[in-house]
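Down below is the structure, laid out as structure tokens.
Just so you know, all these numbers are worked out from the coordinates, no wet-lab data involved. Computed from a predicted model, the values in this text were never measured in an experiment. Cβ: placed from backbone, ideal geometry, glycine included. Neighbour counts: every protein chain shown.
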Amino acid sequence: MHISILGTGYVGLVTGACFAEFGLTVTCMDMDAARVEQLTKGHVPFYEPGLAELTTKGYKAGRLSFTTDFHHAVDTATVIFIAVGTPSRPDGSPDLSSVDGVARSIGQHMTGYKVVATKSTVPVGTATRVRDIITEQQTKPVAFDVASNPEFLREGSAINDFMRPDRVVIGTDSERATAILKELYRPLYLIETPFIVTNVQTAEMIKYASNAFLATKISFINEVANLCECVNADVQTVAKAMGLDKRIGAKFLHAGAGYGGSCLGKDAAALVHTGSHAGSAMPLAATTQQVNAQQRIRMVEKIRDTLHGVQGKTIALLGLSFKPNTDDVRDAPALVIAAHLLREGCTIRAYDPEGMEGACKAVPGLIGCNDAYDAMKGADAVVLATEWNQFRNLDLARMTALLRTPVMIDLRNVYDPERIAAHGIHYVSVGRPAAGANPFQPP
Ligand SMILES: NC(=O)c1ccc[n+]([C@@H]2O[C@H](COP(=O)([O-])OP(=O)(O)OC[C@H]3O[C@@H](n4cnc5c(N)ncnc54)[C@H](O)[C@@H]3O)[C@@H](O)[C@H]2O)c1
């Protein structure tokens with residue numbers, strides 16, 4: 001079967017490369033000509049483990065192709081996935097202009113039956129909106145079905161998430177579309193992946209409810225962490241014990257600098273917006289967002305308090321992407337924290353294994369370094385903001401030799417406080433007691 005993906009970003013390219021691996025013929029379309037040209041030359045425009053190899057494999061096998069041509073993408077495919085961006089507007093509502101744009105193009109170019117499935121995260125009602133736009137744009141009536149097939153992959157482990165998902169959600173009122181979409185995912189049937197087949201509204205809601213719930217878990221444990229700091233408790237032990245309760249689960253209970261990236265915040269905000277429009281307020285999701293924004297500010301305060309002010313100080317900032325194993329710096333907590341510190345007169349020597357280019361563009365004052373140790377040279381403290389594996393086992397002797405003052409502020413609770421303090425380093429983390437003497441503390 002021939003399918004097309006409109007929008008070849010993180011979701012679109014992973015979807016295309018994985019479906020090609022399933023044996024389908026896939027056309028990935030994007031309006032960004034430079035991106036398409038890069039892809040046809042074998043360059044994946046962002047970092048995602050394993051994606052360059054899978055893309056090259058599909059391309060060389062002739063199952064995966066790239067184009068800027070809407071007509072070609074629409075005309076050749078039986079199933080068209082919409083995977084364009086749906087960023088937040090200032091009021092929290094998702095900007096659906098790209099979805100509307102591709103829907104118009106689908107309507108103008110289709111000449112035979114299609115299943116049009118949204119993979120982009122879109123609010124309830126969007127499938128109906130897509131159906132209306134396509135119908136409006138058709139010059140003569142051609143049959144088609146719309147479906148919602150939300151994507152749950154996580155950047156950094158996207159291929160595995162696509163190939164071995166916890167579930168596949170298909171929302172449509174057409175039996176024909178259901179059968180076609182199930183056929184695409186047949187390899188996942190073989191590994192007994194649960195399929196949720198439902199109506200479009202429910203499928204659209206599943207994605208938002210899932211992301212808002214994950215965001216809530218993170219904000220909840222961060223709130224608990226902040227309380228732990230006031231009462232001398234250890235949030236890591238609290239979270240571990242909570243997570244052993246099967247009703248709660250251990251995932252997304254890591255206290256830290258809060259969530260970031262292009263999805264959780266955007267989707268929680270969109271759910272709040274949908275709620276207010278539908279006359280059913282979502283105060284929990286709204287508060288989750290507030291707690292997350294405050295958590296970033298708390299991290300700035302933590303750094304400021306530890307160093308007794310940051311003006312004139314130098315910080316080695318390790319980790320800039322919103323999470324490890326991606327170069328994506330969209331709404332990255334590390335960058336929000338960095339921007340605050342720079343405004344307060346701090347110098348920041350920064351390093352990230354993959355996110356340097358995007359980070360230095362987004363926050364111009366950063367001094368880009370070659371590696372973690374280069375960043376530490378002459379710094380007053382190390383701040384660990386994103387827990388890349390490279391930062392999990394730093395050479396502590398080398399670190400103390402490079403730093404001006406031996407201070408580590410671990411915003412991801414990667415290290416054992418006593419072990420760091422045993423190396424003569426003052427250690428501060430999130431929701432756990434500090435360890436070692438603070439060189440900035442007056443005697
Ligand atoms: N990134 C994730 O981890 C993730 C996970 C699940 C769901 N989602 C959702 O998937 C959607 C896409 O996210 P993403 O991170 O892949 O975005 P992205 O910004 O990486 O990619 C979007 C792509 O769409 C292209 N595009 C925009 N308008 C277009 C148009 N009119 N015609 C053709 N191409 C167009 C852009 O050039 C870009 O390449 C969003 O709705 C997002 O919420 C993202």
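Annotations
- Too-long pairs where the Cα-Cα distance tops 18 Å, listed order kept, from 207/246; 266/323; 240/323; 119/266: 207/246; 240/323
- Relative contact order (percent, whole number), the range 199-443, Cα cutoff 8 Å, 6+ residue spacing: 19 percent
- Charge dipole (Cα centre; +1 on Lys/Arg Cβ, -1 on Asp/Glu Cβ; no other charges) of the range 323-443 amounts to roughly 260 debye.
- Nearby lysines by direct alpha-carbon distance to residue 313 (threshold 21 angstrom, same-chain neighbours under 8 apart not counted): 302, 377
- Of the DSSP H helices in the chain, those that are both long (alpha-carbon extent of 30 Å or more along the helix axis) and hydrophobic (Kyte-Doolittle mean at least -1.0) are 200-231, 283-306.
- The range 155-206-the range 289-360 distance, computed between alpha-carbon centres (Å): 37 Å
- Calculated FRET efficiency, residue 245 to residue 38, Cβ-Cβ distance, R0 = 60 Å: about 0.80 to the nearest 0.05.
- Residue separation of residue 398 and residue 97 scaled by 0.36 nm, minus their Cα-Cα distance, works out to 103.3 nm of gained length.
- Distribution of pairwise C-alpha distances over the chain, 20 Å bins, in %: 24, 51, 23, 2, 0
- Cross-link partners for residue 140 among the lysines, with Cα-Cα distance under 22 Å and sequence neighbours closer than 8 places in the same chain left out: 114.
- Highest-first packing order for the peptide set 275-284, 87-96, 337-346, 324-333 is 324-333, 337-346, 87-96, 275-284, based on the mean count of other beta carbon atoms within 10 Å.
- Share of Cα-Cα pairs in the range 2-198 lying beyond 32 Å, as whole percent: 9 percent
- For the pair the range 75-150 and the range 209-239, the centres of their Cα atoms are 38 angstrom apart.
- Helix-only mean residue ellipticity at 222 nm for the chain, each DSSP H run of n ≥ 4 adding -39500 (n - 2.57), per residue, nearest 500: -13500 deg cm²/dmol
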